[in-house]
Amino acid sequence: MGRTRDAVDTILGNGDRPFMLGGCCTYAIGAVAAAARVFGRCGLVYIDGHLDLYDGQTSPTGEAADMPAAAMLGKAGDLFTRAMGMAQAVVPEDVALLGCRDHAIAEAEGSLLPRDLGPGLFYRDVETLRRAGLQETAADVRRRQEAGAGRYWLHIDFDVLDGAVFPAVDYSTPGGLSWNELTTLVHPFLASRSLIGVSTACYNPDKDADLTGGRQIVEFLHRAVVSGEFE
């Protein structure tokens with residue numbers, strides 16, 4: 001985490017925007033901590049099939065991958081705050097959690113929940129996203145980020161996708177987004193000059209014997225990132 005933070009710190013300090021590919025979402029903690037260190041204040045758009053608001057006591061697995069959102073908010077314990085080098089990398093008012101579908105499970109396990117973080121945090125689970133409109137929600141969140149922190153980091157966890165669409169993740173579950181829905185959701189964020197960096201995570205090649213999932217990721221990135229023009 002410290003090495004990631006320092007590497008991203010250097011990239012941002014040089015005026016560049018990092019684009020990061022990773023297996024586990026925990027590396028995003030270091031990246032967002034670097035953004036906070038460089039800019040002082042930054043927002044976070046966190047697209048994930050899970051809330052990731054557990055700590056070491058409530059996590060049912062004990063894996064750090066259960067805790068990135070909590071860690072960045074300074075709610076996952078001293079180990080993370082020491083690794084980040086700060087009490088918190090983001091504040092609830094600058095955070096949007098989008099696409100979760102494990103709220104009931106997390107609540108039963110005693111996890112921190114979005115409502116515990118106050119009304120400033122923007123939260124939409126996958127069904128609420130669909131009802132409100134993916135593009136409309138993204139445009140709303142983007143406006144909030146640009147009017148608030150003024151700059152933001154985008155994190156995309158591929159387990160936000162439906163398990164039937166993309167099974168090459170560690171915790172594959174039904175009810176998630178399609179590739180087209182994910183592309184629609186992320187495009188407004190990627191088209192903003194307020195975007196300071198992107199991280200993607202949770203691709204497990206051991207569950208992708210014919211590399212279909214890997215090719216889907218490349219196609220998604222081409223459509224959503226490479227082909228997207230900044231406004």
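The values are calculated or read from the model by the stated rules, or taken from the named source; none is laboratory data. This structure is a prediction, so every number in the text was calculated from the model and none was measured. Don't worry about glycine lacking a Cβ; one is built from the backbone with ideal geometry, like all the others, and counts go over all protein chains shown.
Values computed for the structure shown
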read-out	value
Hey, VAL32 in contact (Cβ under 8 Å) with a residue 40 or more places away in the chain, under 19 Å from GLY77 (Cβ atoms) and assigned to a helix (DSSP H, G or I) or not	yes
ALA89 vs. criteria assigned to a loop (DSSP other than H, G, I, E, B), over 29 Å from SER178 (Cβ atoms), within 15 Å of the chain's Cα centre (by Cα) and in contact (Cβ under 8 Å) with a residue 40 or more places away in the chain	yes
In the stretch 156-209, the residues that are surrounded by 15 or more Cβ atoms within 10 Å (Cβ to Cβ), of a type outside the set (A, V, I, L, M, F, W, C) and assigned to a helix (DSSP H, G or I)	ASP159, GLU181, THR183, THR184, HIS187, PRO188
Test: residue in the stretch 61-68 that is under 26 Å from GLU107 (Cβ atoms), over 12 Å from the mean Cα position of the chain (by Cα) and at pLDDT 95 or above	no
Filter result for the condition that a residue is more than 18 Å from the chain's Cα centre (by Cα), within 21 Å of LEU51 (Cα to Cα) and of a type in the set (Gly, Ala, Ser), over ALA164, ALA201, ALA168	ALA164
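Let's see how each residue does on (1) over 20 Å from PHE158 (Cα atoms); (2) of a type outside the set (Asp, Glu):
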{"site": "ALA96", "(1), (2)": "no, yes"}
{"site": "CYS100", "(1), (2)": "no, yes"}
{"site": "GLU107", "(1), (2)": "yes, no"}
{"site": "LEU113", "(1), (2)": "yes, yes"}
{"site": "LEU117", "(1), (2)": "yes, yes"}
{"site": "GLY120", "(1), (2)": "yes, yes"}
{"site": "ASP125", "(1), (2)": "no, no"}
{"site": "THR137", "(1), (2)": "no, yes"}
{"site": "ARG143", "(1), (2)": "yes, yes"}
